[in-house]
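Below: the structure, in structure tokens.
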Amino acid sequence: VQNALEMAPYVSEYAARLSMIFDQNGMFASLTDAFGLRYAQAIEQYTKALNVSPSASLYSGLGLLYLLMEDFEKAIQCYRNGLRLNANSLELKQNILAAYHRWGFKFIKEERYSEALKVLDLALTYSPFSYILHYDRAIAYSGAKQYEESIAQYKLVLYLEPNFSPAKIGLTSALNNFGIQKVQANAFNEAIKLYSEALEWDSECREARQNL
């Protein structure tokens with residue numbers, strides 16, 4: 001349960017319901033026991049309950065199990081099914097974004113940047129103004145050494161959330177790295193502008209100052 005809440009911290013209201021699984025007979029079984037067994041058994045319990053009485057909360061719980069297993073496609077499908085039953089569920093909307101975020105970041109950690117960007121583009125159809133998703137995209141672009149796109153994303157993040165300091169750090173780094181690319185292409189005037197802008201965002205950036 002603790003792991004579940006760490007992976008999906010938005011679901012505080014769901015924490016109480018998370019401790020139980022609704023079985024086919026209308027009784028409640030302990031989720032703690034289910035987690036002591038295989039995830040598949042817990043999924044089976046949720047599936048039985050959904051066959052008897054589908055509900056948005058049950059789809060949310062099943063989605064969380066898939067999320068714990070890092071089966072992101074199935075998790076997202078569960079959340080979508082839940083939204084069909086309760087289109088106004090803030091919990092489900094937050095959970096679907098959390099699933100996309102974790103899916104995209106998994107690809108980023110694996111250096112599969114193009115795949116990460118595809119996932120994050122899908123996520124933005126649900127929440128186009130999520131600064132976290134745009135921040136994820138900025139990281140993916142930087143990882144792919146597409147610094148111009150990364151810089152644009154970081155600036156959008158800071159427009160949406162001006163005090164988000166990780167974006168300022170990322171932006172400074174992307175500007176510096178883009179400057180290095182320009183030097184390698186003998187575009188020295190452009191490099192100077194990029195290093196100077198990096199220092200505007202972070203006057204203590206040693207790398208940009210040295211490169212300048």
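The values are calculated or read from the model by the stated rules, or taken from the named source; none is laboratory data. Remember, predicted model here, so these are calculated numbers, not experimental data. Reconstructed Cβ throughout: ideal geometry from the backbone, glycine too, with neighbour counts over all protein chains shown. When the accessible area is computed, the model is the full protein with side chains, heavy atoms only, and any ligands, DNA or RNA have been set aside. Shrake-Rupley method; radii C 1.70, N 1.55, O 1.52, S 1.80 Å.
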Query raised in the report: Of (1) closer than 24 Å to L120 by Cβ; (2) modelled with pLDDT under 85, D71 satisfies all except one. Which?
Result: (2)
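Which residue out of G82, G61 is open to solvent by less than 20 Å² (accessible area, probe 1.4 Å), more than 21 Å from L133 (Cβ to Cβ) and assigned to a helix (DSSP H, G or I)?
Values: G82 fails: more than 21 Å from L133 (Cβ to Cβ).
Unique residue meeting the criteria: G61.
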Query - Evaluation of N163 against (1) assigned to a helix (DSSP H, G or I); (2) surrounded by fewer than 17 Cβ atoms within 10 Å (Cβ to Cβ) (one fails), failing number - result: (1)
Query raised in the report: Does Y195 satisfy being over 19 Å from the mean Cα position of the chain (by Cα), of a type in the set (F, W, Y) and open to solvent by less than 20 Å² (accessible area, probe 1.4 Å)?
Result: yes
Query - Residue that is most open to solvent (accessible area, probe 1.4 Å), among those in the stretch 112-144 that are modelled with pLDDT of 95 or more and part of a loop (DSSP other than H, G, I, E, B) - result: R112
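Which residue, of S114, S130, is among the hydroxyl-bearing types (S, T, Y) and under 13 Å from the mean Cα position of the chain (by Cα)?
One residue alone meets the criteria, S130.
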**Report entry** Selection from the stretch 140-190 of residues that are under 19 Å from L120 (Cα atoms) and of a type in the set (D, E)
**Finding:** E148, E149, E161
Query raised in the report: Of all residues in the stretch 85-111 being outside any helix (DSSP H, G or I) and among the small types (G, A, S), which is surrounded by the fewest Cβ atoms within 10 Å (Cβ to Cβ)?
Result: A87
Report task. Keeping to the stretch 128-180, report how many residues are among the hydroxyl-bearing types (S, T, Y) and closer than 26 Å to Q210 by Cα. Result -> 8
Query - Flag if I169 is touching an Asp or Glu at 6+ places or on another chain (Cβ under 8 Å), surrounded by fewer than 16 Cβ atoms within 10 Å (Cβ to Cβ) and in a helix (DSSP H, G or I) - result: yes
